[in-house]
Amino acid sequence: MNKLFVYRGRRIRMLHRNLLFKYGLGICSPFFVLLGVYHFFITYPMVEKMNGEYTIQPFIIPVVVTIAGIVFSIFFSVIVIRSSQLRGGFFAKQYKKQMLAEYLDENEFVIKKTKKTEKGQKETRRFPKVYYRANGDTDEFTFKIGNKFQDKFLQIGRPLEDMYLADLTAVKREQGFVTFCYLIDVQSKRIKFEDLSAKDGKVELMKGVVWEYDALPHMLITGGTGGGKTYFIYSLISALGKEGRVHIADPKNADLADLGNFDAFKGLVASDKKDIFKQMQEAVELMDKRFLHMKKQPNYTIGKNYRYYGMKPEFFIVDEWAAFVSVLDKYGRDDALTEEKLYESITPLVLKARQAGVFFILATQKAGTDVIRSAIRDNLMCKVSLGRLSEQGYIMTFGDDNKNKAFINKYGVVGRGYIDVGAGVPQELYSALVDKTFDFVEFFKNFPAMPFTDVDAVEVTEEDKEILEDIYGDQFVSEEREQIESTRSEHRAEMIKEKNEKAEALLEGVSYSEKVKKRQKETV
């Protein structure tokens with residue numbers, strides 16, 4: 001096993017606790033040398049010429065130079081250390097070691113021994129073996145187990161996740177050791193808003209974070225006011241609107257509703273209760289028309305999706321779902337807009353619209369069953385949280401399977417949250433980077449016409465509905481679930497494999513990207 005940095009004893013902890021003082025003196029030393037040279041060649045000759053008759057005035061400039069030199073050197077050392085910490089450089093690594101050493105000491109991860117001395121007894125303290133390795137965008141902490149701290153070390157993954165505000169991406173076990181790998185510097189992987197785009201059924205929301213909506217359809221977005229949810233939806237509209245057509249529902253008649261004033265979104269934005277309800281019904285009707293259109297193609301093949309027939313995708317985005325549902329009647333006449341009718345309409349959409357290329361994106365502040373029924377929520381494969389959520393809010397968004405994950409609320413960062421692209425593995429997310437001078441009005445005002453497949457001429461008769469029900473009925477829904485679950489499992493296995501390979505590469509002293517390139521060369 002590659003030995004990295006080992007912590008032992010109180011002395012190491014104390015040295016790291018005085019990080020700024022220890023390294024600050026070293027950074028200041030060149031300035032002190034220059035001050036010594038200055039006084040040797042300037043001040044000392046001046047003092048000799050005085051022949052013992054000293055006055056204050058000649059010393060003013062040397063004193064000012066000395067004070068200025070000391071202040072500047074201290075300021076310079078602080079800037080160097082702080083900037084290195086912010087960039088994840090040498091001093092960031094030293095600070096992480098300091099934090100780990102203090103955590104181990106304060107939580108009694110120490111081996112105590114008492115030695116007899118001439119003056120009595122003296123207690124010595126040292127740490128068990130702990131290894132730290134930083135490489136690229138991953139921090140790795142390895143703990144030796146098989147000792148009295150074994151149970152504590154096996155449970156240390158989440159506390160370190162909280163302490164370092166980093167995502168635990170892999171736990172590697174080997175004989176006598178356990179290794180926790182954490183993803184760091186996620187914020188640097190943000191993509192500029194204007195660079196986002198969708199292609200071939202995929203959209204990259206952050207470098208290395210891709211939602212494959214053709215394979216893992218529909219999205220749930222949660223987050224409170226001020227968390228960046230609206231900007232994230234804007235980024236989705238911008239990216240998805242380059243590959244297909246985006247329909248928008250804004251029940252609060254707020255920012256998203258304003259898009260209806262622009263040419264590209266004419267007739268595609270709804271804010272009134274009746275219009276939104278109608279839009280949801282039209283989404284299901286559109287799905288049926290697209291299925292029938294596919295069925296009538298000369299090259300119709302069972303199991304092929306919309307893309308096989310050269311069709312463009314359709315996206316339906318509903319913001320503030322809770323606000324929309326709250327204005328619906330619980331019960332009512334046949335012509336009433338009830339919650340029950342709404343769910344009857346959209347249920348087929350989330351269960352079988354994937355192959356037709358119709359995708360549903362729902363945004364809400366909370367994802368409890370009082371807001372959105374679990375039958376719908378569980379079939380929205382991609383899940384995103386933005387801003388600060390409660391522990392229960394994260395569980396409602398990402399499911400009970402992730403209740404033991406340490407979700408961390410970072411303050412002062414808009415557009416930061418978590419995403420599960422459908423594999424069941426939430427990871428930290430930073431939404432698209434928007435420049436302070438970026439003008440959304442001007443951007444969407446000049447947004448090009450969105451591509452779409454015109455199926456308005458397709459008429460779905462009662463006979464056609466029976467045919468569609470035979471082809472896309474319960475058996476089709478069951479097969480869809482199996483297909484999506486299979487894809488989900490494959491993605492999950494691939495993510496775990498990648499994390500483990502990254503951990504192995506770090507232990508070997510090479511980067512994961514270098515290992516991938518080497519494998520590609522061997523394949524060629």
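The values are calculated or read from the model by the stated rules, or taken from the named source; none is laboratory data. These figures come from a predicted structure and were not determined experimentally. Virtual Cβ from ideal backbone geometry, glycine too; neighbours counted across all protein chains shown. What goes into the accessible areas is simple: the full protein's heavy atoms, side chains included, and nothing from ligands, DNA or RNA. Shrake-Rupley method; radii C 1.70, N 1.55, O 1.52, S 1.80 Å.
Of the Cα atoms belonging to segment 287-405, the radius of gyration and Dmax stand at 17.2, 53 Å. The aspartates and glutamates within cross-link reach of Lys115, meaning a Cα-to-Cα straight distance under 13 Å and a gap of 8 or more places when in the same chain, are Glu123. Farthest toward the positive end of the dipole of the chain, out of Met99, Val371, Pro451, is the Cα of Met99, where the dipole comes from beta carbon charges about the Cα centre. Carbon-plus-sulfur accessible fraction, the chain (probe radius 1.4 Å, protein heavy atoms only): 52%. Counted over the chain, the DSSP beta bridges are approximately 65% antiparallel. Calculated from the alpha-carbon coordinates, segment 31-124 shows an Rg and a Dmax of 24.2, 64 Å respectively. The helix-based estimate of mean residue ellipticity at 222 nm for the chain, built from -39,500 (n - 2.57) per DSSP H run of four or more residues and divided by its residue count, is -13500 deg cm²/dmol to the nearest 500. Each label was represented as a point 7 Å from its Cα along the Cα-to-Cβ direction; for Leu337 and Thr55 these points are 9.2 nm apart. How far is the Cα center of segment 229-302 from the Cα center of segment 109-188, in Å? What the calculation gives is 51 Å, centre to centre.
Annotation: amide H of Thr138 within the under-5 Å range of Ile184, sequence separation 5 or more or interchain, hydrogens built in the peptide plane.
Remark: segment 252-263, residue by residue, has Karplus-estimated 3J(HN,Hα) of 8, 6, 9, 4, 5, 4, 5, 5, x, 7, 9, 3 Hz, where x stands for each Gly or Pro and the curve is 6.51 cos²θ - 1.76 cosθ + 1.60 at θ = phi - 60°. For Val209, no residue 5 or more places off, or on another chain, has a built amide H under 5 Å of its own.
Between Asp456 and Phe72, the simple spin-label model (points 7 angstrom out along Cα→Cβ) gives 7.3 nm. Where the alpha-carbon atoms of segment 140-194 are placed on the principal axes, they occupy 53, 20, 10 Å, in descending order. Over segment 175-262, all Cα pairs binned in 5 Å intervals from 0 give whole-percent P(r) values of 3, 10, 18, 22, 18, 13, 6, 4, 3, 2, 1, 1, 0, listed from short to long. The residues of segment 89-235 have, on average, 46 Å² of accessible surface per residue, using a 1.4 Å probe with all protein chains present.
Restricting to lysine pairs 8 or more places apart or on different chains, what number in segment 254-305 have Cα atoms under 21 Å apart? Count of close lysine pairs: 6. Loop only by DSSP, 15 or fewer other Cβ within 10 Å of the Cβ. Give me the chymotrypsin sites (Phe, Trp or Tyr not before Pro) in segment 344-430 that pass, ordered by residue number. Sites meeting the loop and neighbour criteria: Tyr411. Computed on the Cα trace of the chain, the radius of gyration divided by the Kirkwood hydrodynamic radius gives Rg/Rh = 1.12.
Listed by number, the DSSP H helices of the chain that run 15 Å or longer by alpha-carbon position along their axis and have mean Kyte hydropathy of at least 0.0 are 19-38, 60-86, 229-240. Size descriptors for segment 87-199: radius of gyration and Dmax over Cα atoms are 18.7, 77 Å. With semi-axes defined as the square roots of five times the eigenvalues of the C-alpha gyration tensor, the equivalent ellipsoid of segment 397-492 measures 37, 29, 10 Å, largest first. Take the chain and mark each of the trypsin sites (Lys or Arg not before Pro) that is in a DSSP loop with at most 13 other Cβ atoms within 10 Å; the longest unmarked stretch, sites excluded, is 437-524. Annotation note: chymotrypsin sites (Phe, Trp or Tyr not before Pro) in segment 286-322 located in DSSP loop regions with a Cβ neighbour count of at most 12 within 10 Å are Tyr300.
Here segment 164-284 is assigned +1 on the Cβ of each Lys and Arg and -1 on the Cβ of each Asp and Glu. Its dipole about the Cα centre then comes out at about 180 debye. For the residue pairs Lys352/Lys465; Lys152/Lys403; Lys366/Lys405; Lys242/Lys497; Lys330/Lys366; Lys312/Lys383, alpha carbon separations beyond 26 Å are given by Lys242/Lys497.
Partners of Lys96 within straight-line reach, counting aspartates and glutamates whose Cα lies under 16 Å from its Cα and excluding those fewer than 8 residues away in the same chain: Asp105, Glu106, Asp137, Asp139, Glu140, Glu161, Asp162, Asp167, Asp185. For segment 257-325, the residue among Gly303, Ala270, Met287 whose Cα projects farthest onto the positive side of the dipole built from Cβ charges is Gly303. Residues whose amide H comes within less than 5 Å of that of Ala270, counting only those at least five positions distant or on another chain, are Ile248, Ala249, Asp250 (H built at 1.01 Å from N in the peptide plane).
Listed values for segment 439-445 are Karplus-derived 3J(HN,Hα) couplings in whole Hz (6.51 cos²θ - 1.76 cosθ + 1.60, θ = phi - 60°), namely 10, 5, 4, 5, 4, 6, 5, and x replaces Gly and Pro.
Put a plus charge on the Cβ of each Lys and Arg, a minus charge on the Cβ of each Asp and Glu, and nothing anywhere else: the dipole of the chain about its Cα centre is then about 4240 debye.
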